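As structure tokens, the structure follows; a few thoughts come after it.
All of the numbers you see were taken from the coordinates with simple rules; none came from a lab. Fair warning: this is a prediction, and the values are worked out from it, not measured in the lab. Quick reminder, even Gly has a Cβ in these numbers, built from the backbone with ideal geometry, and neighbours come from all protein chains shown.
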Amino acid sequence: MKAGRLVVDEPTDLPEGTEIEFLALDPGDWLDEEDRAALHQALEDSDEDIKADRLVDSLTLKPILHDELHRATARLAGHQPK
């Protein structure tokens, strides 16, 4: 904010004079009680996965998934993967 006006210093491809409407968002999370309970359960489950060393780093997993995708694509195309 500067002098009661929003100041945004980001490049854009919008044409000069384009009007943008800004809406104030509720700082809440929009979760109902069931969704909030599911979120908390997922976070607790994740904590347990961390403690039990059941997580895999994405950099480790990426080449494995890439190879699996390559093999599955080759099978669907009727080819044998290299």
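Between SER46 and LEU59, the modelled labels are 2.1 nm apart [label points 7 Å from Cα along Cα→Cβ]. Can you tell me the orientation of helix 33-51 relative to the chain, as the angle in degrees between its alpha-carbon axis and the longest Cα principal axis, to the nearest 10? Helix 33-51 and the main axis of the chain meet at about 50 degrees.
To the nearest ten degrees, helix 58-77 and the longest principal axis of the Cα atoms of the chain are 60 degrees apart. With only the Cα atoms considered, the chain has a convex hull volume of 307 Å³ per residue. Computed across region 13-61, the Kirkwood radius stands at 15.2 Å (inverse of mean 1/r, all Cα pairs).
Over the chain, DSSP H runs of length four or greater, each weighted -39,500 (n - 2.57), average out per residue to a 222 nm ellipticity of -16500 deg cm²/dmol. Across LEU59, LEU23, LEU14, mean-square fluctuation computed from a Gaussian network of the chain (C-alpha pairs under 10 Å connected) peaks at LEU14.
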